[in-house]
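What follows draws every value from the coordinates through simple rules; no lab data is involved. None of the values given here were measured: they were computed from a predicted structure. As a convention, Cβ positions derive from the backbone with ideal geometry for all residues, glycine included, and neighbour counts pool all protein chains shown.
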Amino acid sequence: MIKLNKIYTKTGDTGNTALGNGERVLKDSIRVIAYGNVDELNASIGVVTLYATPGLKRKLKNIQNDLFD
């Protein structure tokens, strides 16, 4: 079993989160929500590829690459 130690960022929870470029935005901003939705879609596509035909699997992998971009 994996044991996770507590992680402290020392910034507190002010309702903001940092983006990859260092910009801070509200956690409920449309941009953060969109990132979460794309991440969930990508995970769902990953599950579907487990059961997909080779042709469909190639198409789904291309879609995943587009989502990462």
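Of the residues 42, 20, 55, the one whose Cα sits farthest toward the positive end of the charge dipole of the range 17-60, with +1 on the Cβ of Lys and Arg and -1 on the Cβ of Asp and Glu, is 55.
Helix 54-68 and the long axis of the chain differ in direction by around 20°, with both axes built from C-alpha atoms.
Between helix 30-49 and the chain there is an angle of about 30 degrees, using the helix long axis and the longest principal axis of the Cα atoms. Within the chain, the proportion of Cα pairs with more than 19 Å between them is 55 percent. Taking label points 7 Å from Cα along the Cα-to-Cβ direction, residue 48 and residue 31 give a separation of 2.8 nm. Using R0 = 30 Å, the C-beta based FRET efficiency linking residue 62 and residue 8 works out to 0.15.
Ordering 16-23, 57-64 by mean Cβ neighbour count within 10 Å, with the highest value first, yields 57-64, 16-23.
The chymotrypsin sites (Phe, Trp or Tyr not before Pro) of the range 35-69 that DSSP puts in a loop, and whose beta carbon has at most 10 other beta carbons within 10 Å, are 51.
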